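For reference, the structure is listed below as structure tokens.
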Amino acid sequence: MIVSTSVPFVDLRTQYRNLKAEIDEAVGRVLDRCDYILGGAVKEFEQAFASFVGAKRAIGVGSGTDALHLILRGLDIGPGDEVITVTNTFIATVEAITLAGASPVLVDCREDDYLIDPDAVEQVVTSRTRAIIPVHLYGQPADMDAVAGIADAHDLVIIEDAAQSHGATMSDDRPCGSIGRAAGFSFYPSKNLGACGDGGMITTNDEELAERLALLRNWGSVVKYQHEVKGFNSRLDTMQAAILSVKLKHLDDFNEGRARAAGWYRVRLEAVSGVILPPRAPWTGRHVYHLFVVRVPGCDQNGLIDKLKADGVQAGIHYPIPVHLQPAYADLGLTEGAFRVSEKASREIISLPMYPEITEGQVDHVVESLRRCL
Ligand SMILES: *Cc1c(COP(=O)(O)O)cnc(C)c1O
């Protein structure tokens, strides 16, 4: 029998096809107006996104990495300061700290949910610690009450890495991106809200910080050729903002599509022995399933991915190498064994195809293939 079903890891083409008329029109409007840099569409999208997140202000920037980097700069966190974050994250979280000139201090994730371990955070706080960056990984909020307890006790700032959690909430309905002093979002194309290129956003309830960030992203300037501070060139592109405004209207539907797919996976995989389903933390309200990460203890991870690929199923690993074992961060002096929970997870996790438009038939195919491969 020839199996013709193929399931990509993400499917950007279908989303564009579904929204083509709206997106093309929005892009056309920007082209007509030619207000390419910090144009009207940027302000419009910033307001819409702030209100979506329930934050007072939103500042569009060049990427999610820049969002986190500029927040640190805006808070005057730099050389001599320590910033605590988790090793089980995309490297950009840590690179933002490095870019600001501060020292990243890594901690392990929890076995239960793969999120930053607040107990471990408490243990590495020093007199130089300024901030904690919890990462709402895979679409699920970090344990923000526990993190806030530590931040309050030691007078630390909380900066949320919300790059994977557009629309996610805590069980008391607080949205990711509205909880810390500020949050960084990414609009990398495959994120829950994805641009047609790079883009990022900072959200905050701190008006003063928002004003500083609006300067920092634009060469320290609001009035042309007058520069208040030394800044950067990191603005959300007007064309991307126009596209993102269109997509934002559909974000709740996208996230519902992801949750529906997660439900299909859960029902089918419950019966498959050896597969551990993505945990739901007790403090989570809405999980937005940026990724659907299962764990297969003792598996040959790459062998499994190759077998799935032969069945037309694209799977991934998020992430295969924890940040502390990356060559780029060899200078931290951390070796294998430093963070056992993240290290073990990185060898056993598999991300299954996940996107809003995935069909029940495609999920069936993925699960059938996984069952066969095991
Ligand atoms: C994508 C991502 C980033 C970086 O965002 P970019 O827009 O690609 O710079 C940061 N942190 C996490 C957790 C991410 O997933």
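Rule-based calculations on the coordinates, nothing more; no lab input. Source: prediction; values computed, not measured. Note that each Cβ is placed from the backbone with ideal geometry, even for glycine, and that neighbours are counted across all protein chains shown.
What to note about this one:
- Placing a label point 7 Å from the Cα of ILE37 along the Cα-to-Cβ line, the residues of region 218-254 whose backbone N sits under 13 Å from it are 218-226, 232-238.
- Between region 311-332 and region 57-80, the Cα center-to-center distance that results, in Å: 24
- Residue among ALA153, ALA168, ALA48 with the largest mean-square fluctuation in a Gaussian network model of the chain, springs linking Cα atoms under 10 Å: ALA153
- Candidate aspartates and glutamates - alpha carbon under 17 Å from LYS309, same-chain residues fewer than 8 apart omitted: ASP11, ASP300, ASP364, GLU368
- Alpha-carbon spread of the chain, three principal axes, descending order, Å: 69, 53, 39
- Phi angles across region 340-357 convert, under the Karplus curve 6.51 cos²θ - 1.76 cosθ + 1.60 with θ = phi - 60°, into 3J(HN,Hα) values of 5, 5, 5, 5, 5, 4, 4, 8, 10, 8, 9, 9, 8, x, 8, 7, x, 8 Hz, Gly and Pro given as x.
- Set of lysines with alpha-carbon distance to LYS247 below 20 Å, sequence-local pairs under 8 removed: LYS20, LYS43, LYS191
- Among ARG258, ARG13, ARG212: highest mean-square fluctuation, GNM of the chain, C-alpha pairs under 10 Å: ARG13
- Label-to-label distance, ARG280 versus THR98, with points set 7 angstrom from Cα along the beta-carbon direction: 3.8 nm.
- PHE292 long-range amide H proximity, modeled H, under 5 Å: LEU352
- Exposed-site-free run, longest, the chain (rule: GluC sites (Glu not before Pro); DSSP loop; at most 14 other C-beta within 10 Å): 112-227
- Dipole check for the chain: with +1 at the C-beta of Lys and Arg, -1 at the C-beta of Asp and Glu, and the Cα centre as origin, the magnitude is about 800 Debye.
- The smallest convex shape that holds all Cα atoms of region 195-291, its convex hull, gives 168 Å³ per residue.
- Of the residues ALA96, ALA214, ALA271, the one that moves most in a GNM of the chain with alpha-carbon contacts below 10 Å is ALA271.
- Under 5 Å between amide hydrogens, built in the peptide plane, is the criterion, and for GLY180 it picks out GLU160 among residues at least 5 positions away or on other chains.
- Residue-count net charge about GLY62 - beta-carbon cut-off 11 Å; Lys, Arg +1, Asp, Glu -1: -1
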